[in-house]
Amino acid sequence: MAADLTAGLSPEQAQWVTKLSSEEYGQAHLFASFANASVEDKKRLVDQLATLDTQYPGGLIAYIRRAQDLLEASRLGTNPYDGFTPEVPQGERLSVGTPEFFDAERVGLEQVRHAAFVLVAGGLGERLGYNGIKVALPSETTTGTTFMQLYVEHILAFQRQLGGDVVLPLAIMTSGDTHELTVKLLADNNNFGMPAHQITIMKQEKVPSLLNNKGAFALKSDDPFTVDTKPHGHGDVHTLLHQHGLVSKWRGEGRKWILFFQDTNGLIYKAVPAILGVSAKNNFDINSVTVPRKAGEAAGAICKLTHRDGHSLTINVEYNQLDPLLRSSGFPEGDRPDASGYSPFPGNINVLVFAIDTYDDTLTRTGGSIPEFVNPKYKDATKTEFKTPTRLECMMQDFPKLLPSSARVGFVQFDRWFCFSAVKNNLTDAATKAKSGLPAECASTGEADMYAVNTRLMKLAGAQIEDPASPTVFADIPVDLGARVVLKPSFATSVTELNNKVSSGVRISARSTLIVDGDVSFESLTLDGALVIKAVHGAKVTVKSLNVQNAGWQFVPLESNVPEYLKIRGYSLQKNDARVLEFNQPGEHVVSE
């Protein structure tokens with residue numbers, strides 16, 4: 001039988017058929033059509049298996065064995081947190097503008113030169129109602145700056161501030177859905193000014209779908225010679241960094257930190273210096289960036305878990321696991337708020353900083369393998385059949401499971417307005433969430449958050465900025481669109497620098513738009529309308545006295561036949577009038593009118 005099935009195959013290809021058909025690995029069904037198949041079809045399946053084998057740490061045999069173990073644990077209902085007691089881990093809760101915050105930022109500004117950045121960008125915008133990659137969406141429509149452009153500009157601004165030959169590498173994880181579009185976005189825009197050698201794009205591959213508790217691979221329903229595959233999860237970013245040799249390369253270059261961030265959180269780079277400062281001050285091997293979490297909120301929580309045998313780990317616990325874990329370990333009320341009104345456990349936003357030495361050593365030891373889980377949907381209580389094929393998955397925030405109890409794993413917490421804004425819901429879902437009192441987390445609220453963080457930071461520096469009378473409603477979603485303040489990364493890379501460039505002489509009305517791009521300082525500005533100030537690199541502009549009043553720019557309800565990036569917001573920008581000041585020559589410039 002085996003000889004007939006492998007007819008026309010090379011010895012290497014035939015070996016796959018023989019090995020996987022064994023009872024131990026349970027994949028004989030894959031070759032059920034081989035007896036009457038063409039050599040071409042047989043090779044197509046076997047070659048796919050060989051490719052999948054190279055993409056998974058340890059190969060397909062390791063995948064099958066892990067699947068069998070995890071599926072059996074799932075069938076038995078094994079609780080992964082059995083015997084653990086949760087407590088709040090070591091960390092720092094920083095309020096922007098406090099001495100503690102500025103101290104962390106001071107330390108972190110020196111650490112930025114030792115950092116590398118990793119963008120997890122494997123998602124499309126389908127959930128948003130946008131048929132493209134999310135990093136190509138405008139973070140705000142006042143300037144049209146895409147999320148990808150924004151991140152690159154932040155990194156380049158850090159480099160210019162640090163001076164010398166400092167180069168801060170950027171690695172980007174894509175998926176089969178986003179890879180080509182990401183490459184094109186960068187190529188079409190000349191990498192937004194970043195040299196090509198500074199960017200590494202890593203394509204995430206998929207893993208075999210699983211039919212049953214034995215780990216049998218599923219074939220495509222319309223093609224018996226192709227294994228059905230599914231995404232493995234964003235934990236693959238660790239495997240890919242190891243496979244590309246980037247972590248050891250960066251370590252050899254003397255780098256100390258790797259910062260992982262998500263594709264549509266446009267606020268996160270405001271916090272980067274303080275984040276790195278907390279990592280350095282506490283000597284954290286892993287530092288999770290967090291925000292205050294409402295009890296019961298559908299967001300993971302960072303917990304220190306101590307087992308009855310004495311070992312412990314600090315890790316993200318998903319919201320649907322946190323309440324039963326607390327109730328089973330001496331907290332009868334479960335996931336409840338403390339005196340602050342929030343859960344004592346900080347909320348995870350999937351922004352992580354790794355100390356590169358520990359990270360590299362761990363990846364080398366594990367061969368890039370990451371802890372996995374499985375979540376099959378069973379047909380009935382017997383747990384013997386699945387409704388649809390499942391697969392093994394992994395999450396980037398589960399990496400601490402690989403570290404010893406002695407590892408220093410902690411968190412830093414900021415107010416949500418400063419470091420976290422999710423853009424993930426379409427207008428219908430966002431409106432439903434808003435009516436329920438939950439964050440809408442859509443394109444319009446994400447854009448409003450981009451303006452709000454700059455407004456609040458300028459206010460902290462002394463500026464007087466009028467608040468809007470009430471939220472503006474677009475597509476049944478209340479949006480707090482006050483003054484539209486866009487401070488490009490070239491203006492300031494830290495709150496400390498922003499404080500040094502803004503004074504109490506700044507007055508801005510709620511209907512105004514302010515765009516600042518370059519090294520500009522404000523002593524006295526009265527703005528009621530739209531003002532754009534651009535300064536080339538090397539130009540230093542001081543606004544000593546300036547009064548601007550014009551019709552300005554305003555958001556208006558949509559007309560028909562507008563691009564998708566506007567449809568998912570529910571409004572467009574109407575540019576009536578603006579004062580534009582451009583400084584195209586290096587040197588000192590003063591504005592005094």
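Can you tell which of ALA295, ALA339 is open to solvent by 60 Å² or more (accessible area, probe 1.4 Å) and modelled with pLDDT under 95?
Values: ALA295 fails: open to solvent by 60 Å² or more (accessible area, probe 1.4 Å).
After ruling out the rest, the residue left standing is ALA339.
Kindly indicate the residue of segment 376-419 that is closer than 12 Å to ASN212 by Cβ and in contact (Cβ under 8 Å) with a residue 24 or more places away in the chain and also most open to solvent (accessible area, probe 1.4 Å) among those meeting that condition.
It comes out as GLU385.
Give me the pairs, please: first residue somewhere in segment 115-144 and without any contact (Cβ under 8 Å) to a residue 60 or more places away in the chain, second residue anywhere and of a type in the set (Ser, Thr, Tyr) and open to solvent by 10 Å² or more (accessible area, probe 1.4 Å), beta-carbon distance under 6 Å, and either six or more positions apart or on two chains.
Short answer, once both residue conditions are applied: ALA136/THR146.
Of THR98, THR54, which residue is loosely packed, with under 14 Cβ neighbours inside 10 Å, under 30 Å from ASN287 (Cα atoms), without any contact (Cβ under 8 Å) to a residue 60 or more places away in the chain and out of contact with any Ser or Thr (no Cβ under 7 Å at 6 or more places or on another chain)?
Values: THR54 fails: under 30 Å from ASN287 (Cα atoms).
Step by step, each of THR98, THR54 is checked, and only THR98 is loosely packed, with under 14 Cβ neighbours inside 10 Å, under 30 Å from ASN287 (Cα atoms), without any contact (Cβ under 8 Å) to a residue 60 or more places away in the chain and out of contact with any Ser or Thr (no Cβ under 7 Å at 6 or more places or on another chain).
Within segment 473-487, can you find the residues that are open to solvent by less than 40 Å² (accessible area, probe 1.4 Å) and either β-branched (Val, Ile, Thr) or modelled with pLDDT of 95 or more (or both)? Step through it out loud before you land on a result.
From segment 473-487, those open to solvent by less than 40 Å² (accessible area, probe 1.4 Å) are 474, 477, 479, 481-487; that's our starting set.
Answer for segment 473-487, where residues must be open to solvent by less than 40 Å² (accessible area, probe 1.4 Å) and either β-branched (Val, Ile, Thr) or modelled with pLDDT of 95 or more (or both): ILE477, VAL479, ALA483, ARG484, VAL485, VAL486, LEU487.
Determine which single condition LEU457 fails, assuming it passes every other condition in (1) more than 20 Å from ARG416 (Cβ to Cβ); (2) in contact (Cβ under 8 Å) with a residue 24 or more places away in the chain.
(1)
If we keep just the residues of segment 127-148 that are at pLDDT below 95 and assigned to a loop (DSSP other than H, G, I, E, B), which is farthest from MET173 (Cα to Cα)?
Here the answer is GLY129.
Take segment 428-472 and flag every residue that is open to solvent by 60 Å² or more (accessible area, probe 1.4 Å) and of a type in the set (D, E, K, R). Explain how you work it out, then say what you get.
Initially, segment 428-472 is screened for residues open to solvent by 60 Å² or more (accessible area, probe 1.4 Å), giving 428-429, 432-433, 435-436, 438-439, 456, 459-460, 464, 466-467, 469-471.
Within segment 428-472, ASP429, LYS433, LYS435, ARG456, LYS459, GLU466, ASP467 meet the criteria.
Which ones in segment 120-159 are surrounded by 21 or more Cβ atoms within 10 Å (Cβ to Cβ), among the hydrophobic types (A, V, I, L, M, F, W, C) and more than 24 Å from VAL485 (Cβ to Cβ)?
VAL120, ALA121, LEU128, ILE133 - these are the residues of segment 120-159 that are surrounded by 21 or more Cβ atoms within 10 Å (Cβ to Cβ), among the hydrophobic types (A, V, I, L, M, F, W, C) and more than 24 Å from VAL485 (Cβ to Cβ).
Checking LEU573 against (1) at positive phi; (2) open to solvent by 30 Å² or more (accessible area, probe 1.4 Å): exactly one of these is not met. Which one?
Every listed condition holds for LEU573 apart from (1).
Counting only residues that are farther than 15 Å from GLY368 by Cα, open to solvent by 40 Å² or more (accessible area, probe 1.4 Å) and part of a loop (DSSP other than H, G, I, E, B), how many does segment 242-259 have?
So the answer is 3.
Would you tally the residues in segment 57-95 being within 30 Å of GLY277 (Cβ to Cβ) and open to solvent by less than 20 Å² (accessible area, probe 1.4 Å)? Explain how you work it out, then say what you get.
Filtering segment 57-95 for residues within 30 Å of GLY277 (Cβ to Cβ) gives 86-95.
So of that shortlist, the ones also open to solvent by less than 20 Å² (accessible area, probe 1.4 Å) come out as 86, 89, 94.
Residues flagged as within 30 Å of GLY277 (Cβ to Cβ) and open to solvent by less than 20 Å² (accessible area, probe 1.4 Å) within segment 57-95 amount to 3.
Looking at segment 166-185, is at least one residue closer than 30 Å to PHE555 by Cα, modelled with pLDDT of 95 or more and under 15 Å from the mean Cα position of the chain (by Cα)?
Scanning segment 166-185 turns up no residue that is closer than 30 Å to PHE555 by Cα, modelled with pLDDT of 95 or more and under 15 Å from the mean Cα position of the chain (by Cα).
Do we find a residue being more than 26 Å from GLU372 (Cβ to Cβ) and not acidic (Asp, Glu) anywhere in segment 71-89?
Yes, the conditions are met somewhere in segment 71-89.
How many residues does segment 212-250 contain that are over 19 Å from GLN55 (Cα atoms), charged (D, E, K, R) and touching a residue at least 12 places away in the same chain (Cβ under 8 Å)?
Matching residues across segment 212-250 total 1.
Go through segment 175-212 and give me each residue that's in contact with a Pro (Cβ under 8 Å, 6 or more places away or on another chain) and either open to solvent by 30 Å² or more (accessible area, probe 1.4 Å) or farther than 25 Å from TYR56 by Cβ (or both).
GLN198, ILE199, THR200, LYS206, LEU211
Are any residues in segment 531-588 in contact (Cβ under 8 Å) with a residue 60 or more places away in the chain, over 31 Å from the mean Cα position of the chain (by Cα) and closer than 13 Å to GLY518 by Cα, and if so, which ones? Walk me through it before giving the result.
We begin by selecting, within segment 531-588, every residue in contact (Cβ under 8 Å) with a residue 60 or more places away in the chain; these are 537, 553, 555, 557, 564-573, 578, 583.
Subsequent filtering for residues that are over 31 Å from the mean Cα position of the chain (by Cα) retains 553, 578, 583.
Scanning segment 531-588 gives a single hit, PHE583.
Only one of SER504, SER490, SER545, SER521 is among the small types (Gly, Ala, Ser), farther than 30 Å from THR428 by Cα and open to solvent by less than 30 Å² (accessible area, probe 1.4 Å). Can you tell me which?
On the way: SER504 fails: open to solvent by less than 30 Å² (accessible area, probe 1.4 Å); SER490 fails: open to solvent by less than 30 Å² (accessible area, probe 1.4 Å); SER545 fails: open to solvent by less than 30 Å² (accessible area, probe 1.4 Å).
Every option except SER521 fails the conditions.
Any residue in segment 467-482 that is aromatic (Phe, Trp, Tyr) sitting within a Cβ distance under 9 Å of a residue that is open to solvent by 50 Å² or more (accessible area, probe 1.4 Å)? List the pairs, counting only those 6 or more apart or interchain.
Close Cβ pairs (under 9 Å, with a partner that is open to solvent by 50 Å² or more (accessible area, probe 1.4 Å)) amount to PHE474/PRO557; PHE474/LEU558.
Of SER312, SER279, SER328, SER340, which residue is touching a helix residue (DSSP H, G or I) at 6+ places or on another chain (Cβ under 8 Å), at negative phi and among the hydroxyl-bearing types (Ser, Thr, Tyr)?
Going through SER312, SER279, SER328, SER340 in turn, the sole match is SER279.
Can you name every residue in segment 113-124 that is closer than 15 Å to GLU180 by Cα and either among the basic types (Lys, Arg) or assigned to a loop (DSSP other than H, G, I, E, B) (or both)?
Within segment 113-124, ALA121, GLY122, GLY123 meet the criteria.
The values are calculated or read from the model by the stated rules, or taken from the named source; none is laboratory data. Computed from a predicted model, the values in this text were never measured in an experiment. All Cβ positions, glycine included, derive from the backbone under ideal geometry; neighbour counts span all protein chains shown. Only protein heavy atoms, including side chains, enter the accessible area calculation; ligands, DNA and RNA are left aside. Shrake-Rupley method; radii C 1.70, N 1.55, O 1.52, S 1.80 Å.
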